[in-house]
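Remarks on the structure that follows.
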Amino acid sequence: MFLLQNLIHYLEVGSGFKLFSRASRTVLVVLGGLLLLVAYDFNAFRNMGNQEAMDSAQLARNIAEGKGYTTLFVRPLSMFLIKQHNRQQDKGEVPAPDQSLTKIKGMHPDIANPPVYPLTLAGLMKVLPFNFSVDTTHAFWSRARNATQRDFIRYQPDFLIALFNQSLFIVLMVLVFFWARRLFDPAVAWLSTLLLLGSELLWRFTVSGLSTMLLLVITMGLVWCLTLFDLEARDLNSSSRRKFLFASLCGVLVGLGTLTRYSFGWMILPVILFLTMSGKQRALVPLTAFALFALVLAPWCMRNYSICGMPFGTASYAVVENSAAFPEYRLERSLDPDFSPINFVTLVRRKLVGNTRQIIANDLPKMAGTWVSGFFLAGLLIGFKNPTVRRLRYFLITSLLVLSVAQALGRTQLWDDSPEINCENLLVLLAPLVVVYGSSLFFLLLDQMALPFLQLRYAIIGLFITVLGLPLLLVFLPPRINPLSYPPYYPPAIQQIAGWTKPEELMMSDIPWAVAWYGQAQCVWLTLNCQSAFLSINDYEKPIQALYLSRVSLDGRFLSQWVRTGDKSWGEFILNCLFRKAQGKPGPPPGFPLQNWQPGWPDQFLLTFREHWPRSS
């Protein structure tokens, strides 16, 4: 009886009460998070609609199938770089007739994507039962237009990749919770975790298929290493070995982040500055971090250089993409780009200034996906007693400046096609830190309020979480989000069209990343014109067996995109085909290699080398 009374006292008023309350909160948050995950996937999941995500996924599948680091999505710019480098290596020697300087006759090496995320997905494909086939029976675009009578809803590999990224999201919240609890207090930790859980922007990233969630985990791991380094640097009894260990881990993590997204490499600058200001050995410690960073990058840069002569492949030209010299995707679609008339300094200055204006006006205020960014910006005026918290805030501000410049210079047409949800959104990588510092200011302000009773404090906190989570809550209200990213991506139709070509044959399309991922067919990006560039690939590199244009091109502006005087544009080619059809003449103009016009207009424009559909249809 005495033992039972002690147990009851322990659970009711003793330390067991605190333990039970803590466990209850944890269980409720975990269950709530899992329920939110299921509800979000049921209401808001969408198949991949981002070219970077599909490009990484098809690359990962090639790796998992033992085809090496090769791609089915062939960029004309990649062909140009490889051909130019091989010519320099051959010193003008003419290759044998069965050899291709662009390496397109076999599997094309990928020089556009860093390796960490595709390798991670390749490992996932080895473990989980990925099914890349769909039922293509009657899979034409009329079914994509009819949202109520659709036989296809979800592409299973897209969903599995989304679940993987959502598991990374859970890991991120755990890292943020324990970091905030260590440097601030449990209240800030819980509020920060709940705000991240309620960020609609981060949830959209989880189902996008992009590498953002993996890079967020790497960024948070970097913050943990910097925190531990600073604590060791201020501990008089700490050994130098531990400080060098954490500095080395910082360099390795920045290197891994760079091999996940090349632009993340700029983070080495604020890391070196932090290590220099925090450590006593102001030269040796940051040099160690930089050496490990360079050591991680070196093998991959050497691999790219040996293939195309550029350490970062096609990404080396990101600063001139979507500029006055190469608007939209003209550079990546160019088979022989001309860089001679470019004034590099003027181009970089204009791009930096123009994109910085947009970042300051639009991206900075909502970089965390919630209004808590305003609390963070206001909190810059607040001083913290903890020196580690102060130094990490300086690191955050420095990182914000560096990533803003990197995002402004690296911004391409990808951002315009998919605002915010793209691999060029670098500011979102600082969202966890912004949320934590914003939450700390919220509690500082809350503590200044003279509340009549304690329960009102909890009500204010709950209202704060609810208001900031409204964008996510509105997702669950009707109308329900269409799970298909259509237009232009409808996996059954793309897979059916790609199935009309043999595995070793080549297609051309305006959405080659989708043909490569959903159709598992080698596809080159639509060239800038339908004459010299198209025929150059078809006649001298590899015959093109199918031309597939989607709504991306067909919904373009008539004058500026369809009709370009003297440019032999694809818009003019399509108009010519339509005029011939109206006059009762079958197929495209005589002399064009592909003469079989397949059905599907106006949702698609498809020409093939072989007949696949009855003329009467």
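Suppose accessible area is computed on protein heavy atoms with a 1.4 Å probe; arrange 282, 154 from highest to lowest.
Heavy-atom accessible area, descending, gives 282, 154.
Output the 0 to 90 degree angle, nearest 10, between the alpha-carbon long axis of helix 212-234 and the longest principal axis computed from the alpha carbons of the chain.
40
Label-point separation (nm) for residue 269 and residue 156, each offset 7 Å from Cα along Cα-to-Cβ?
4.7
How far is it, in nm, from the label point at residue 357 to the one at residue 303 when both lie 7 Å from their Cα along the line to the Cβ?
Reported label-point gap for residue 357 and residue 303 is 4.1 nm.
At R0 = 35 Å, how high is the FRET efficiency between residue 128 and residue 245 if r is their beta carbon distance? Nearest 0.05 is fine.
Taking R0 as 35 Å, the efficiency between residue 128 and residue 245 is 0.50.
How far, in degrees from 0 to 90, does helix 570-582 lean away from the longest principal axis of the Cα atoms of the chain, to the nearest 10?
Approximately 50 degrees, to the nearest ten.
From the residues 313, 584, 174, which one has its Cα farthest along the dipole of the chain in the positive direction, the dipole being from +1 and -1 charges on Cβ of Lys/Arg and Asp/Glu about the Cα centre?
Toward the positive end, the furthest listed residue is 174.
Quick one: length gained pulling residue 167 to residue 89 fully straight, 0.36 nm per residue minus the C-alpha distance?
Between residue 167 and residue 89, full extension yields 23.5 nm more.
When the dipole is taken about the Cα centre of the chain, and only Lys, Arg (+1) and Asp, Glu (-1) are charged at their Cβ, what size is it in debye, to the nearest 20?
940
What is the spin-label model distance, in nm, from residue 555 to residue 178 if the labels are put 7 Å beyond Cα along the C-beta direction?
4.5
Once neighbouring chains are kept in place and the probe is 1.4 Å, which whole percent of the accessible area of the chain is contributed by carbon and sulfur?
C and S atoms contribute 64 percent here.
So what is the 222 nm mean residue ellipticity for the chain from helices alone, if each DSSP H run of at least 4 adds -39500 (n - 2.57) and you divide by all residues, rounding to the nearest 500 deg cm²/dmol?
Theoretical 222 nm ellipticity from helices: -17500 deg cm²/dmol.
Pairing the Cα long axis of helix 156-183 with the longest principal axis of the chain, what angle in degrees results, from 0 to 90 and rounded to the nearest 10?
Taking the Cα atoms of the chain, the angle to 156-183 is about 30 degrees.
Please figure out what share of the DSSP beta bridges in the chain is antiparallel and state it in percent, rounded to the nearest 5.
Antiparallel: roughly 45 percent of the beta bridges in the chain.
Would you please state which residues of region 343-358 a label at residue 330 would reach in this model, taking the label point 7 Å out along Cα→Cβ and a backbone N cut-off of under 20 Å?
343-355
Pairs 351/568; 83/568; 502/568; 126/542; 542/568: which exceed 26 Å Cα-Cα?
Pairs exceeding 26 Å: 351/568; 502/568; 126/542.
Taking only protein heavy atoms and a 1.4 Å probe, what accessible area per residue, in Å², does the chain have with all protein chains in place?
Ligands and nucleic acids excluded, the result is 45 Å² per residue.
Run the reach check for residue 243 against aspartates and glutamates, Cα to Cα strictly under 14 Å, same-chain hits fewer than 8 apart removed. What comes back?
Cross-link targets: 230, 232, 235.
Compute the label zone of residue 444 within region 151-188: residues whose backbone N is under 18 Å from the point 7 Å along Cα-to-Cβ.
What the label zone holds, given the 18 Å backbone N cut-off, is 180-188.
Mind sorting out which of [x] 75, 62, 55; [y] 85, 61, 44; [z] 96, 59, 45 is the real Cα extents along the principal axes in Å computed from the coordinates?
[z]
The values are calculated or read from the model by the stated rules, or taken from the named source; none is laboratory data. What you are looking at is a predicted structure, and each value in this text was computed from that prediction instead of being measured. With ideal geometry, Cβ positions are generated from the backbone for all residues, glycine too; neighbour counts draw on all protein chains shown. Heavy atoms of the whole protein, side chains included, go into the accessibility calculation; ligands, DNA and RNA do not. Shrake-Rupley method; radii C 1.70, N 1.55, O 1.52, S 1.80 Å.
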